[in-house]
Structure formats: C-alpha cells, structure tokens
C-alpha cells in the first residue's frame with residue numbers, strides 16, 4: 001500500500017474522526033519496531049498497545065516507559081528537567097538553572113528554615129531557659145533585673161509582687177521554663193505601671209537581618225507559653241539604635257494551664273540600620289500587664305517609637321494571685337518559617353550566657369553563698385591596700401563588666417584571709433586594672449603585704 | 001524600690017562603687033550599671049566622694 005499522508009491547509013488542522021458508533025475506537029499503528037520519533041509503538045496485534053514509549057490510559061494517566069501508569073505522570077526510568085520544576089500548591093521549586101531548591105520545610109523529618117543557616121539559626125541565647133547562674137528562685141520581687149534565667153530580664157514597675165523562678169516544667173522536649181507568679185495583686189495599674197519580660201539581642205548578632213538595606217530579611221519569633229489566663233497578648237520588638245523603631249504583634253493564649261507554641265512573623269525593615277557593635281541591637285518584649293502609657297495603640301508594620309502600641313493587646317496579668325506566666329523555647333531566626341526549637345548543648349548555652357554574666361562559683365552555687373572550697377580566687381597582698389590576682393574570664397565578656405567581690409563567708413564587697421574564711425574590709429575592682437577579659441587587682445581596706453587572701457566574684461556585662 | 005547609693009573611687013581607677021552591693025562599676029558607657037549611675041546623677045543625686 002502506498003503511504004498515506006494526512007495534511008491540512010496552512011490555517012486548519014488534521015483530524016481523525018471516530019466513527020459515529022459506540023465501541024472501541026482504535027487507531028492501528030504500524031507493527032514494525034518504529035523509530036525514535038514514534039509516539040506510540042504497538043504490538044503485532046492491531047488495536048492493542050502492548051508496549052509503548054509513552055501512553056495515556058483510559059483514566060488520563062500518562063505513562064513513560066510503562067503501559068500501566070498509576071499517577072497522572074508516571075515515568076519508569078530517569079528523567080531530566082533542564083529548567084524549573086514546580087511541585088505542589090506550596091510551590092516547592094527545583095531550579096535546574098541555578099541549582100536551588102526552595103519551599104522545602106522538612107526532609108526526613110528534619111526541618112529547614114526558609115532562609116539563613118541550618119545550625120546556630122536561633123539568635124536567642126538560653127531560649128530553653130536551662131541556664132540560671134544567679135539563682136533559680138526569688139520571692140517578693142518588685143523591682144526589675146536579671147533574676148533567674150540568664151539573659152531574660154523581668155521589668156516590673158509598680159505592678160504587683162512576684163515570685164520569679166526557673167521552673168522545672170515545660171512542653172515536650174523542654175525541662176525548664178521562666179515563670180512569673182503573682183503573689184500581691186495590682187488590680188488597677190495606672191499610666192506607667194508595667195510588668196514585662198525583656199530579651200536584648202547584641203547588635204553583633206542581628207547583622208544577618210540586614211536591616212536598613214534593600215535586602216533586609218524577614219524573621220520569625222517563636223516561643224511556648226503557658227498561663228492561667230487566656231486571651232490576646234502582645235509582643236513588641238524595638239530597635240534602640242533607631243530611636244526605638246517599633247514592631248508589635250498580637251498572639252492569643254487559647255487554653256488555660258496548657259503549653260502552646262506561638263509564632264510571630266517580623267517583617268523586614270529596610271529603614272533602620274542596626275549597628276554592628278556590642279550595644280542593644282534588638283529588644284524583644286513580652287508585656288504581661290501595663291497602665292495606659294503602653295496600651296491603646298495598634299499592632300502592625302515597623303513604625304516610629306510608639307509606647308501605646310507596645311502592649312496594644314493587654315493580657316492583664318497581676319490582678320489575681322492565681323495569675324502566672326511561663327515561657328520557654330524562645331527562638332528568633334531569619335526567614336518566614338518557624339522551625340522546631342534548636343536545642344544546643346548545656347555547655348554551649350552556658351558559654352554563650354557567660355559573655356554577659358559569669359561567676360567564680362560552681363554552676364549550682366548562687367553568688368553570695370558561704371563557700372571557700374570551690375574555685376575561689378587566690379590573691380597575694382602586694383601592698384597594704386592592694387591584692388594582686390590573675391582572674392581570666394571563661395569567655396571574653398561583652399564589654400567591661402561590673403564586678404562584685406565576695407568574701408568566702410558570702411558577703412559582697414568583702415574578702416577573706418586564706419584559711420580563716422572570715423570576711424573583712426571592703427573590696428573593689430579598679431577598672432584601670434580590669435577589662436572584658438579579666439582583672440588582676442583588687443583594692444582592699446587593709447592587707448598584710450605578702451599574705452594570701454581569698455575571694456569569689458561575679459562579673460556582669462548584661463545589656 | 002531600693003534606694004541606690006554610690007561612692008566614687010580615685011579618679012585613676014575609673015570606677016564607681018554601688019554601695020548597695022559594693023559593685024565595682026566601670027566608667028564605661030556601654031555598661032548598663034554605669035548608664036543607671038549616670039541617670040541617677042542626672043536626677044540630681046550626688047555620689048559620696050572618693051576616700052582621700
């Protein structure tokens with residue numbers, strides 16, 4: 001038989017019309033082995049495709065290298081996409097041009113951030129509240145300070161009395177949390193009354209946010225919270241380097257006495273440059289309650305300093321002695337994807353904390369405890385009012401710290417003669433003999449040249 | 001709130017003593033305790049002089 005050509009005109013199409021009867025409409029293709037250009041390659045039995053390089057079955061599945069495709073596109077063998085392959089409604093993309101994959105959240109249950117580094121992605125130090133060098137509990141707290149969990153500051157101003165603890169309680173995977181427990185109420189806080197938790201990030205540690213540039217990065221803050229109170233609450237982010245530019249957002253505590261994870265997306269800020277220095281680069285606040293100075297504003301994008309927006313959604317804690325607030329698992333990372341909390345070793349976390357606060361006592365011993373057996377410092381009097389010691393800090397501190405010298409009986413501002421362990425005199429560290437790396441002189445009231453003395457110390461370079 | 005009190009050290013020591021806990025505060029404006037001391041002075045308070 002001569003060859004059969006089906007050819008349309010320049011503007012039309014070539015059609016093969018099925019017969020106007022019900023039944024098996026088939027196209028019988030040549031029964032030789034065909035060529036590489038063939039779309040179908042059939043068997044010797046007319047009307048039945050038993051082997052094909054590409055086939056669409058009755059359900060619309062396309063098979064390549066298979067006659068029984070089980071998915072919309074089923075390829076048996078290797079495949080190559082030289083451009084961009086987009087997968088799923090979440091737009092996971094595999095870009096063959098530049099070798100990037102984006103939109104991935106987890107691989108084999110390992111979570112990936114949407115930007116930034118895989119390790120050390122949590123900018124927050126001691127987010128799991130495991131390190132508490134100063135103390136693990138303090139009662140009758142009415143003034144602000146770093147009290148228990150390192151790096152987390154409790155700011156209370158005329159708003160109740162609180163017990164502050166490093167609590168042995170947390171959501172799955174967390175053994176500790178930071179707890180504020182109201183013991184004396186303030187049912188009607190006014191104007192500047194406030195209580196809030198503050199975390200201050202050193203400027204060096206937030207340069208990856210690229211604030212103040214056109215390529216500024218989004219970031220995400222996540223944390224676990226538990227309270228007896230439900231309702232809306234606020235988180236505020238301030239930029240001290242930029243006249244306290246502010247971003248605040250609302251989160252909601254949905255259930256009482258239940259750990260819940262909250263996620264706050266922090267938009268990129270192309271306006272405010274954060275100095276690459278040891279100062280307070282970014283301040284994160286969790287208001288628990290406040291007077292009118294800090295409420296009445298609104299949440300939203302970055303804006304100029306606005307105190308009334310810092311606690312626009314007031315949780316109102318402290319009106320009852322039942323009130324408490326616990327927080328742990330605090331993580332700040334670049335990107336828009338809150339990944340699971342990055343658990344670091346206790347040793348790593350302790351060293352990071354010691355850039356801001358450290359002590360000569362063993363970790364479990366609170367400063368001011370009577371103690372002469374642990375790593376108390378030894379000094380020799382090199383003058384009647386001068387002890388010479390060589391104190392090298394465990395890690396270099398953020399800047400020149402405030403030092404407190406303790407006698408071995410536990411009194412601050414004192415020192416002790418070796419082996420007598422009796423605290424005497426006044427002791428201070430002159431800053432012209434001290435630095436962020438340590439100190440080598442203690443000024444004292446009275447000493448006998450050549451005698452040995454002992455003391456403990458704390459060094460505080462917190463933000 | 002606890003009332004703060006301070007005492008100066010000899011000038012060459014570049015240090016202020018916070019008498020409440022006898023903390024040695026470096027005269028360094030990056031130190032938050034020194035910032036607090038400067039605010040205390042700005043409020044009209046005067047530290048005790050250094051020992052002569």
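The distance from the alpha carbon centre of segment B:22-37 to that of segment A:410-460 is 19 Å, rounded to a whole number.
Among A:350, A:317, the order by Cβ neighbours within 10 angstrom, fewest to most, reads A:350, A:317. In the calculated pair distance distribution of segment A:98-161, what percentage of Cα-Cα distances lie above 20 Å? Summing the P(r) of segment A:98-161 above 20 Å gives 53 percent of all pairs. The ranking of A:299, A:204 from fewest to most other beta carbons within 10 Å of each one's beta carbon is A:204, A:299. Tell me the label-point distance for the pair residue A:105, residue A:451, using the 7 Å Cα-to-Cβ offset, in nm and rounded to one decimal. About 6.9 nm separates the two model spin labels.
Return the average number of partner chain Cβ atoms within 10 angstrom of each residue Cβ along peptide B:26-36. Walk me through the numbers on the way to the answer.
Working: counts 13, 3, 7, 2, 10, 9, 10, 5, 4, 0, 1.
Average per residue, whole number: 6.
Taking the number of Cβ atoms within 10 Å of each Cβ as an exposure proxy, the fewest-first ranking of A:442, A:110 is A:110, A:442. Here the relative contact order of chain A, from alpha carbon pairs under 8 Å that lie six or more residues apart, stands at 12 percent.
Which value, in Å³ per residue, describes the convex hull spanned by the Cα atoms of the protein assembly as shown? Don't skip to the answer; put the middle values down first.
Values: hull volume 124.6 nm³, N = 515.
In the protein assembly as shown, the Cα hull volume divided by residue count equals 242 Å³.
Find the percent of Cα-Cα distances in segment A:355-432 that exceed 14 Å, and round it to a whole number. Distances greater than 14 Å cover 63 percent of the Cα pairs. DSSP beta bridges fully contained in the protein assembly as shown are about 95 percent antiparallel.
The alpha carbon centroids of segment A:320-384 and segment A:82-147 are separated by 22 Å.
Per the helix-only calculation at 222 nm, which mean residue ellipticity applies to chain A, given -39500 (n - 2.57) for every DSSP H run of n ≥ 4 and division by its residues, nearest 500 deg cm²/dmol?
Details: 2 runs with 13 residues, N = 463.
That calculation yields -500 deg cm²/dmol at 222 nm.
When the Cα convex hull of segment A:279-384 is projected onto planes of every orientation, the mean area is 13.5 nm². When only Cα pairs below 8 angstrom with a gap of at least 6 residues are kept, segment A:156-206 shows a relative contact order of 41 percent. Measuring nothing but how far apart in sequence close Cα pairs (under 8 Å, 6+ apart) lie, relative to its length, segment A:59-186 scores a relative contact order of 13 percent. Given R₀ = 56 Å, what would the calculated FRET efficiency be for residue A:305 paired with residue A:380, taking r from the Cβ atoms and rounding to 0.05? Efficiency, rounded to the nearest 0.05: 0.60.
One quarter of the convex hull surface, Cα atoms only: what value does that give for segment A:148-273 in nm²? It would help to have the intermediate numbers written out before the result.
Numbers: hull surface 36.2 nm².
Result: a mean projected hull area of 9.0 nm².
Start at zero, step by 10 Å, and the Cα-Cα distances of segment A:297-338 spread as 19, 29, 43, 9 percent across the bins. Evaluated at q = 0.13, 0.16, 0.20, 0.23 Å⁻¹, the base-10 log of the normalised Debye intensity for chain B, with identical point scatterers placed on the Cα atoms, takes the values -0.26, -0.41, -0.64, -0.86. For segment A:385-401 versus segment A:162-241, the spacing of their alpha-carbon centroids is 31 Å.
Each label was represented as a point 7 Å from its Cα along the Cα-to-Cβ direction; for residue A:204 and residue A:135 these points are 3.0 nm apart. With the convex hull constructed from alpha-carbon coordinates only, segment A:318-463 shows a mean projected area of 12.4 nm² over all directions.
For segment A:136-193, the Kirkwood radius over C-alpha pairs fed into Stokes-Einstein at 37 °C and 0.692 mPa s yields D = 269 µm² per second.
Each principal axis of the Cα cloud of segment A:57-140 was evaluated for its coordinate range; sorted largest first, these ranges are 77, 29, 21 Å.
Read-outs: derived from the displayed coordinates by stated rules, not from any lab. Here the structure is a predicted model, which is why all the values come from computation and not from measurement. All Cβ positions, glycine included, derive from the backbone under ideal geometry; neighbour counts span all protein chains shown.
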